[in-house]
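A quick write-up on the structure given underneath.
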Amino acid sequence: MDPLRQSSPGSSRPSSPRTPPCEMFDYVGIEAVLDQLKIKAMKMGFEFNIMVVGQSGLGKSTMVNTLFKSKVWKSNIPNLGTPTPQTLKLHSVTHIIEEKGVKLKLTVTDTPGFGDQINNDKCLRPLDIEFLQRLCRAVNVVPVIARADSLTIEERETFRQRIQHNLRSHCIEVYPQKSLDEDTNDRILNSKIRDRIPFAVVGADREHLVNGKCVLGRKTKWGIIEVENMAHCEFPLLRDLLIRSHLQDLKDITHNVHYENYRVCRLNESHLLPQGPGWVNLAPTPAGRPATPRSLKVCQQAQDDAKDEAY
């Protein structure tokens, strides 16, 4: 069960509560819509896209495999003698994961080589800040502290506070965005999540026997680090946020906020582009202003096409 949330959000962001409810005097069957949505969702499945960014060797592939308990991503760590590429090239893999009849089309995108020449052991560096400032305006950003088992609890908390300060001072709004909290319940829940970000995580894709029970973890000479043990790391919080409690909300914000902002920006930019030979002005001609030969030609062509279709 999610330690931060006991119930999952709906499939869409709720409408404004200003509209007064209408009292019904008999059963209609509106509740059957939930069954219809469930049946449709079971047939179509879901899609989820993740881009993982970080230095090579931080265990990004292991973290993704641990997140979905599947071999969805294979690490491609360059050899020591291989020079770092000057141009980064994104690499994506897509898999279908099915659990209890529910299908998830998962696409994981890697950014090989990003940040390999930068030392950010102590805090965010200029490249990280510039990257996050641009990225948070286009996608939902969830930062994590990788290989958290290499830090003591005190070092981990100090590092977390330093990262949180960097994010606030440079106006980097990570998910869940405070400006998108919808009601009091969301605000209380998301505030708890924001206090724990970046999550200190440890990835592992092997099971070990601990006290007669098989657990997912990583074996060291000091013992076994249990991935799903909150006393060892915060991986359960990351998994619950991305999958169990906020997956649909992540998709909704991506579609309704980030994509719409991107679409509006591209439409605004299109008006600034030079009007080439194939340009057609779809705006209506103002009254009293004669149409240009180009627009007359387009109208005449449309009329000819309509006549051809009629016959």
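The values are calculated or read from the model by the stated rules, or taken from the named source; none is laboratory data. Since the structure is predicted, the reported quantities are computational estimates derived from the model, not experimental observations. Here the Cβ is made from the backbone with ideal geometry for all residues, glycine too, and neighbour counts use every protein chain on show. Only protein heavy atoms, including side chains, enter the accessible area calculation; ligands, DNA and RNA are left aside. Shrake-Rupley method; radii C 1.70, N 1.55, O 1.52, S 1.80 Å.
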At 1.4 Å probe radius, can you tell me the per residue accessible area of the stretch 120-245 in Å²?
57 Å²
Using the per-residue mean of other Cβ atoms lying within 10 Å as a proxy for protection, in what order, highest first, do the peptides 55-67, 132-144, 181-193 fall?
55-67, 132-144, 181-193
Over 30 Å between C-alpha atoms is what I'm after, so list which of LYS71/LYS178; LYS89/LYS219; LYS100/LYS178; LYS60/LYS100; LYS213/LYS251 land there.
LYS71/LYS178; LYS89/LYS219; LYS100/LYS178; LYS213/LYS251
Please report, as a whole percent, how much of the solvent-accessible surface of the stretch 154-241 comes from carbon and sulfur atoms (probe radius 1.4 Å).
48 percent
Want the number for LYS192 to ARG263: 0.36 nm per residue separation, take away the alpha-carbon distance, what's left?
22.3 nm
Once ARG125 and HIS271 are pulled to full extension, the length gained, defined as 0.36 nm per residue separation minus their Cα-Cα distance, is 48.9 nm
Cβ neighbours within 10 Å, averaged per peptide: list 100-111, 225-236, 258-269 in order, most packed at the top.
225-236, 100-111, 258-269
Round to the nearest 0.05 the FRET efficiency obtained for VAL93 and ASP26 when R0 = 51 Å and r is the Cβ-Cβ distance.
0.45
Label-point gap, in nm, between ARG244 and LYS219 - each point 7 angstrom along Cα→Cβ
2.7 nm
The local net charge around LYS38, scoring Lys/Arg +1 and Asp/Glu -1 for residues other than LYS38 whose Cβ lies under 14 Å from its Cβ, equals +2
